[in-house]
Amino acid sequence: MTEPSDFERFVLEQLDSFWSYAVSLTGRSDQAQDLLQDALARAFERFALFDRSLSFKAWMFTIIRHLHVDELRKSSSRRLEESAEWLLEGSGEIAESSLYAIPLDPEAILAQRESTERLQDAIRLLPAEMREVVELRDIEGLSYREIALIVKRPVGTVMSRLYRGRNLLRSFLVAPKPEDKNAESRRGL
């Protein structure tokens, strides 16, 4: 049996993160699979050029993002609204992915799904620039500098978008759900 190459080892260590980022960019698992496959192929071809003093994760996120932007430019007929619609209709497909561990306690599964769905809904409401920065920092754990390199913006802009995005996200999560408002209005509150 042969030892895995450095490339394989780096990819396997971060595959869940790469998958999540591809899904967050495309909003669809089928498109995310294509995007991730293309990104991995491109990274493999250029792995000899990768500077080992840098973060492999950030390097891959940059490749994934560039390929996604290129694809959006090529097919201008595709709209970002389709991504949001698909997530509202098919968010269960992402949660049911074999890449995610599922707890055995049914009550824990229900509570996790409800809180995850509410958080996903709130994140989807963020403007695209804020959503991307919040996901890269708070979900993927990248540094401000790494995010700045990925989104090609100054660190100050990244910090500002993160601050505003977190505040907006907090307001979405604290606000009562629309059905809660209707229930209050029926009771005369």
**Q.** When segment 123-163 is reduced to its Cα atoms, the Kirkwood hydrodynamic radius in Å
**A.** 9.8 Å
Q: Would you mind computing, in nm to one decimal, how far apart the modelled labels at Leu54 and Ile139 are, each placed 7 Å from Cα along Cα→Cβ?
A: 2.3 nm
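Give, as a single signed number, the net charge of other residues whose beta carbon lies under 13 Å from the beta carbon of Leu15, with Lys and Arg counted +1 and Asp and Glu -1.
Working: positive: Arg9, Lys57; negative: Glu8, Glu13, Asp16, Glu140.
After counting each charged neighbour, the total is -2.
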**Q.** Charge tally in the Cβ shell below 14 Å around Met60, where Lys, Arg are +1 and Asp, Glu are -1, Met60 excluded
**A.** -3
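List Val174, Val158 from most exposed to least, where exposure is judged by having the fewest other Cβ atoms within 10 Å. Write out the running numbers ahead of the final one.
Details: Val174 8, Val158 25.
Ascending Cβ contact count within 10 Å gives the list Val174, Val158.
Using the per-residue mean of other Cβ atoms lying within 10 Å as a proxy for protection, in what order, highest first, do the peptides 43-51, 12-20 fall?
Packing proxy ranking, top to bottom: 12-20, 43-51.
Read-outs: derived from the displayed coordinates by stated rules, not from any lab. Values in this document were obtained by computation on a predicted structure and should not be read as measured data. Cβ coordinates were reconstructed from backbone atoms using ideal geometry, including for glycine residues, and neighbour counts include every protein chain displayed.
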